[in-house]
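The values are calculated or read from the model by the stated rules, or taken from the named source; none is laboratory data. Computed from a predicted model, the values in this text were never measured in an experiment. As a convention, Cβ positions derive from the backbone with ideal geometry for all residues, glycine included, and neighbour counts pool all protein chains shown. The area values use the complete protein model at the heavy-atom level, side chains included, leaving out ligands, DNA and RNA. Shrake-Rupley method; radii C 1.70, N 1.55, O 1.52, S 1.80 Å.
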Amino acid sequence: MKKHIFCCLILMVNIYSAQVNFTNIPNPDSNASGNDQVMLYITNTSEAAGVKGFGLPAVDTEALLPFTGASAPVTAIEELKGMLLFVKSTGQAMVFNGLVWSKAFEVESDNTSRFQLNSVSTTSGSVFLPINPTIDKVNYLADPLKLKTNVPTTGANLNRLYIRQTGLYRINLNITFTGPAGSFSSRLGAGMYVNDAQRFQLLENTVNFDGTNRKINLDFSVYAIQGQYITLEAVSEVGGTTSYTVTNNSYVTIEKVL
């Protein structure tokens, strides 16, 4: 009986070693050595920060997925069916069915879009904010709500977010300002327009970010109808001849709540 138990334990250890690999490498790759068939890495690299967990092995691009191109298998690899890998450039987890890879899920909310703002300056205290439509999932810039689809990348429409689905939206503006002495002696803020009609304007004291740049973080909520468009504006409490620049270290995040 003891012999059978010992043999079972040896078998379990062998199976365990073939399935899980423990490591302290931040981004372990997917390459198994020898005949190993590593299915999962568990990492403890963040334990010092009080965070524990496990993560999928990652590759930089889809081209680096194993068993693709000239290395694609002719017959299904049964042992690797269901293997998952994370692709950094797309933010997608890919699943292998033994022959080919397909998307399992995406690390991107389907109800939240996020854009970077282009740098823009004003000498009159207010300026409309140009919203850059560039998608860069590695840096969490994405548009699942399709707010910028088919919108020109230059000109007046660069300021617009087009509503595709009627509903309640939460809009977060994280704006970084820089400017000459006196620019930040009064409150700065932002205004929101729907079809060129102002709905809201919020002002607050800027936070001294690093001695040169100032930041504000504002939230709007609005019910918008399909076909309408939203524009956003940076404003000064005083207006007039107030000068400042909105830097491109500024972002707008739009979440469809209902």
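Data for the structure
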| quantity | calculated |
| --- | --- |
| Scan of the stretch 165-196 for residues that are open to solvent by 30 Å² or more (accessible area, probe 1.4 Å) and over 22 Å from L145 (Cα atoms), ordered by number | T178, G179, P180, A181, G182, F184, S185, R187 |
| Neighbours by Cβ (under 7 Å, 6+ apart or cross-chain): first from the stretch 222-249, more than 17 Å from L202 (Cα to Cα); second open to solvent by 10 Å² or more (accessible area, probe 1.4 Å) and of a type in the set (K, R) | Q226/R164; Y229/R160 |
| Any hit, the stretch 145-160, residues being crowded, with 18+ Cβ neighbours inside 10 Å and touching an Asp or Glu at 6+ places or on another chain (Cβ under 8 Å) | no |
| Residue that is most open to solvent (accessible area, probe 1.4 Å) [pool: residues in the stretch 198-243 that are at pLDDT 90 or above and not in a strand (DSSP E or B)] | Q226 |
| Top-ranked residue of the stretch 97-134 - restricted to ones that are open to solvent by 70 Å² or more (accessible area, probe 1.4 Å), polar (S, T, N, Q) and closer than 27 Å to L85 by Cβ, ranked as modelled with the highest pLDDT | N97 |
| Criterion (of a type outside the set (S, T, Y), in contact with a Pro (Cβ under 6 Å, 6 or more places away or on another chain) and modelled with pLDDT under 95) met by exactly one of K137, K148 | K148 |
| Residues of the stretch 39-96 classified as loosely packed, with under 13 Cβ neighbours inside 10 Å, modelled with pLDDT of 85 or more and of a type in the set (A, V, I, L, M, F, W, C), total | 4 |
